[in-house]
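Worksheet: the structure to be examined is printed underneath.
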Amino acid sequence: MEYLKEKYINFFTDFGFKKLFGSEPSKDCLIDFLNSLLEGMEEPIKELQFRKSENIGASEIDRRAIFDLYCVSETGSRFIVELQKAKQKFFKDRSVFYSTFPIQEQAKKGDWNFKLDAVYTIGILDFVFEDDSDTPEKYLYNVKLSELDSHEVFYDKLTFVYIEMPRFKKSLSELKTHQDKWIYALKNLSNLTGVPEGFREDVFLKFFDIAEIAQLDPVERDSYEDSLKVYRDLKNTIDTALEEGWEGGLEKGRAEGIVTVAKNLLESGMSLENVAKMTGLSVDEVNQLL
């Protein structure tokens, strides 16, 4: 099995993301990662409670809203944490739409003063936004509602943090902050052969220990192998589509590539809703491929 050549699991697989950030044994790692991102914006998180990531809403559209991780801190702050492996049409719209669920969830019956707890959407992106080509060195976005003239924050309880992983180019010797270390570890995990120099803190030692493929039981190894195959198929198809797109029309090439990805995921047994989420197609468009 090819994946056995690697020491650590690939964070960008569904299995890897849930194993390293979405399980009770790895919760300390997620808390530390979030604190590194939100330093100065949020009081340090001490505890998180995982909630169901599928929101049962009033409409069919609401019930389809599924995001990767949803958790609540001891102070009531809500966190949506998503891993996005493929560029999606209307990604920002989708991100804002999903942020409304933790807001609506806070509504109380009867008399209520509308006081809300903070909501944070964290997007770990394996692609870059198309509309920021003027700042190729920028990989981290912190977004809040602000007043246009003064540029001052108008409302500080709704925050979007996006990390464009392909743009993070720092080498091991260039890492300066705890946040740098986390982004480096996530991006390079499957290529590392051991714990890097400077990562001997307890939280990172725990992270790398959980990430070791040798630590997985047989059922987990099978799940990881399946997840890794889906990720590699997705990445290879998109990369091929982009290369062909430069020659035969970028948008056409990308569109054909996404359709191919969707068909492959359907053949692997993935649900319509999850295929739509990964490709940016609507559920109806995915259904038409059957």
(message) Checking Leu189 against (1) over 28 Å from Val128 (Cα atoms); (2) in contact with a helix residue (DSSP H, G or I) (Cβ under 8 Å, 6 or more places away or on another chain); (3) assigned to a helix (DSSP H, G or I), only one condition comes out false. Which one?
(response) (1)
(request) State which residue is farthest from the chain's Cα centre (by Cα) when the search covers only the range 133-177 and only residues that are among the acidic types (Asp, Glu) and not in a loop (DSSP other than H, G, I, E, B). (result) Glu174
(request) Please state which one of Asp131, Asp149 is closer than 27 Å to Tyr231 by Cβ and either surrounded by fewer than 17 Cβ atoms within 10 Å (Cβ to Cβ) or of a type in the set (Gly, Ala, Ser) (or both). (result) Asp131
(request) Answer yes or no: is there a residue in the range 224-235 that is touching an Asp or Glu at 6+ places or on another chain (Cβ under 7 Å), surrounded by 12 or more Cβ atoms within 10 Å (Cβ to Cβ) and modelled with pLDDT under 95. (result) yes
(message) I need the full set of residues from the range 91-108 which are in contact (Cβ under 8 Å) with a residue 40 or more places away in the chain and hydroxyl-bearing (Ser, Thr, Tyr), in order please.
(response) Ser95, Ser99
(message) Please go through (1) β-branched (Val, Ile, Thr); (2) closer than 25 Å to Tyr231 by Cα; (3) at pLDDT 95 or above for Val119 and return the number of the only condition it doesn't satisfy.
(response) (2)
(message) Exactly one of these conditions fails for Thr100: (1) surrounded by 13 or more Cβ atoms within 10 Å (Cβ to Cβ); (2) modelled with pLDDT under 90; (3) of a type in the set (Val, Ile, Thr). Give me its number.
(response) (2)
(request) Scan (1) of a type in the set (Ser, Thr, Tyr); (2) over 21 Å from Cys71 (Cα atoms); (3) surrounded by 17 or more Cβ atoms within 10 Å (Cβ to Cβ) for the single condition Tyr120 breaks and write down its number. (result) (2)
(message) For Lys187, only one of the following conditions fails: (1) at pLDDT below 95; (2) surrounded by 15 or more Cβ atoms within 10 Å (Cβ to Cβ); (3) among the charged types (D, E, K, R). What is its number?
(response) (1)
(message) Here are the criteria: (1) loosely packed, with under 15 Cβ neighbours inside 10 Å; (2) touching a residue at least 12 places away in the same chain (Cβ under 8 Å). Tell me which single one Asp111 does not satisfy.
(response) (2)
(request) Kindly establish whether Phe12 is part of a loop (DSSP other than H, G, I, E, B) and either closer than 19 Å to Glu82 by Cβ or touching a residue at least 24 places away in the same chain (Cβ under 8 Å) (or both). (result) yes
(message) Consider the range 71-130. How many of its residues are assigned to a strand (DSSP E or B), over 15 Å from Arg51 (Cβ atoms) and polar (S, T, N, Q)?
(response) 1
(message) Restricting to the range 152-177, give me the number of residues that are of a type in the set (Ser, Thr, Tyr) and surrounded by 16 or more Cβ atoms within 10 Å (Cβ to Cβ).
(response) 2
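The values are calculated or read from the model by the stated rules, or taken from the named source; none is laboratory data. What you see is a predicted model; the values in this text were computed from it and never measured. All Cβ positions, even for glycine, are placed from backbone atoms using ideal geometry, and neighbour counts span all protein chains on display.
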